[in-house]
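As structure tokens, the structure follows; a few thoughts come after it.
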Amino acid sequence: MSLSYQEKSIWTSLITQGLIFGYYFGTVGWTSGHVGNLFVGAVVLSFIVQIFYPFVGTRSRTATKDERDRAIEGKAYRNAYHFLVVGVILMLFNGLTGTVFGWPIPGGQSVIFTANLMILLLALTQIFKSATQLILYRRDV
């Protein structure tokens with residue numbers, strides 16, 4: 001299976017986002033002393049990926065995106081936008097009812113919980129966009 005430069009770029013982005021957000025949500029309940037390490041780790045990981053990424057796909061890199069690439073990116077953004085809108089509506093419903101899918105929130109609705117829910121929604125939206133692009137590239141749309 002030969003991947004185009006755009007597909008390699010999407011996979012790299014998807015893996016990096018998964019690692020960063022996975023690490024964040026895995027450590028979100030830690031004490032404030034560990035937050036500095038979390039931030040430094042995310043920045044270092046981002047730098048490492050950005051430094052080594054150009055060496056991964058330079059052989060098959062095209063100078064510009066063609067019409068197919070722009071169409072796939074447009075469809076992926078459209079689908080991600082719909083996903084985000086549904087997520088925001090669910091978050092608003094969550095704020096009004098004080099429950100998450102019918103389960104009460106322990107300790108009530110807090111600003112920190114809502115902020116983390118918004119970060120999760122944005123992370124899932126970006127992952128959804130990348131996954132949509134990969135599916136469309138594999139379908140050869």
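Given a Förster distance of 25 angstrom, what is the FRET efficiency for Leu124 paired with Gln50, based on the Cβ-Cβ distance and rounded to 0.05?
Details: r = 23 Å, r/R0 = 0.91.
It comes out at approximately 0.65.
Would you mind putting 132-139, 91-98 in packing order, based on average other-beta-carbon counts within 10 Å, highest first? Can you show the working numbers first?
Details: 132-139: 16.4, 91-98: 12.2.
In descending order of packing, they fall as 132-139, 91-98.
Quick note: the coordinates plus some simple rules give every number you see, no bench work behind them. What you see is a predicted model; the values in this text were computed from it and never measured. Don't worry about glycine lacking a Cβ; one is built from the backbone with ideal geometry, like all the others, and counts go over all protein chains shown.
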